[in-house]
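First the structure, in the form of structure tokens, and then the observations on it.
Where a number appears in this text, it was derived from the coordinates with a stated rule and is not lab data. Note that this is a predicted model, so its numbers are computed, not measured. Quick reminder, even Gly has a Cβ in these numbers, built from the backbone with ideal geometry, and neighbours come from all protein chains shown.
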């Protein structure tokens, strides 16, 4: 893995687990998916946008919490793998 990718992973990890989960899971995935889902529901006429938005803004961020936890675990594994590969190459 390239050094710039390793540095990017390191910066993400340095910000902390809960920061990552909140920003990338709850806000990044949860809120954006809630808005997109509500827009699609309104567009196809199943339920009005504002009718489904409040529930979506509760449920999808909860899903984003779990998504963020999973991705944090994946991120840690990728970082450990990259560091091990780099140390094996430099040895």
query = Among (1) 44; (2) 36; (3) 31, which one is percent of Cα pairs over 22 Å apart computed from these coordinates?
reply = (1)
For the stretch 72-88 and the stretch 1-39, distance of Cα centres in Å = 17 Å
inquiry  = When a/c reaches 1.5 or more, the comparison of a/b and b/c decides; with that in mind, is the stretch 36-84 rounded, prolate or oblate per its Cα gyration tensor?
reply    = prolate
remark   = Taking 18-29, 44-55, 69-80 and ranking on average Cβ neighbours within 10 Å, highest first, one gets 18-29, 69-80, 44-55
